[in-house]
Structures are given as structure tokens and as C-alpha cells.
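Peer 1: Supplied in C-alpha cells, the structure appears directly below.
The values are calculated or read from the model by the stated rules, or taken from the named source; none is laboratory data. Computed from a prediction, not measured in an experiment: that's the story for all the values here. Cβ: placed from backbone, ideal geometry, glycine included. Neighbour counts: every protein chain shown. Each accessible area value is taken on the protein alone, full model and side chains, heavy atoms only, with ligands, DNA and RNA left out. Shrake-Rupley method; radii C 1.70, N 1.55, O 1.52, S 1.80 Å.
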Amino acid sequence: MTNQETNKKFLSITDAGTRDEVLLSIANHYGITKAEALEEVTQDEAEHLLDYLTETHRTAIHVLMSRHGLATN
């Protein structure tokens, strides 16, 4: 599974609140909008979603992604 596919899958199976929090965290970190953050993490050359997150959110999202078999080691 590509990073793009992994990111899309996670964002589609998680609840709206978590999805919004992830995208807002990325948007704030990079100084972009939530829509731009969504575009970034779902584009062809996207990195794994965890690579876009800072520590506070990274650990929590790693746990959630692991539950769905989507986290990297």
C-alpha cells in the first residue's frame, strides 16, 4: 500500500473529530489550510501521515493507525 493509499484509508475510517484534529495539526504546523493539508497527505508523492505530525499528535495517531494495521514500524 502506498503512503497516499494508507493516508486516505486512515482518514476515511477514523471519526470526523480525529480527522479534523489531524488535518488541523498539519495545517497549523505547515502554515496551510486544512484543505491544503488534506491535499498534501493524499497526493501521489505523499509521505506517511505520521511524518507530517508533531509529537503530541504523532504518538496518538500511531496508536490508532496500528489498530488498523496502517502504522509504520
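Peer 1: Taking a probe of 1.4 angstrom, what is the accessible area of residue 58 in Å², to the nearest 10?
Peer 2: Accessible area, nearest 10 Å²: 80 Å².
Peer 1: Return the distance in nm (one decimal) between the two label points of a simple spin-label model at residue 68 and residue 29, each offset 7 Å from Cα along Cα→Cβ.
Peer 2: 1.7
Peer 1: Mind giving me the nanometre distance, one decimal, between the label points for residue 55 and residue 15, set 7 Å out from Cα along Cα→Cβ?
Peer 2: Between residue 55 and residue 15, the label points sit 2.7 nm apart.
Peer 1: Which percent of the accessible heavy-atom area of the chain goes to carbon and sulfur, probe 1.4 angstrom? Intermediate results must be reported in sequence, preceding the final value.
Peer 2: On the way: 2160 of 4440 Å².
Percent of accessible area from carbon and sulfur atoms in the chain: 49.
Peer 1: How big is Rg to Rh over the chain, alpha-carbon atoms, Rh as the Kirkwood inverse-mean-distance radius? Please list the in-between numbers first.
Peer 2: Numbers: Rg = 10.9 Å, Rh = 11.9 Å.
When Rh is taken as the Kirkwood radius, the ratio is 0.91.
Peer 1: Given Cα pairs under 8 Å that are at least 6 residues apart, what percent is the relative contact order of the chain? Walk me through the numbers on the way to the answer.
Peer 2: Details: 59 pairs, mean separation 26.8, N = 73.
Relative contact order comes out at 37 percent.
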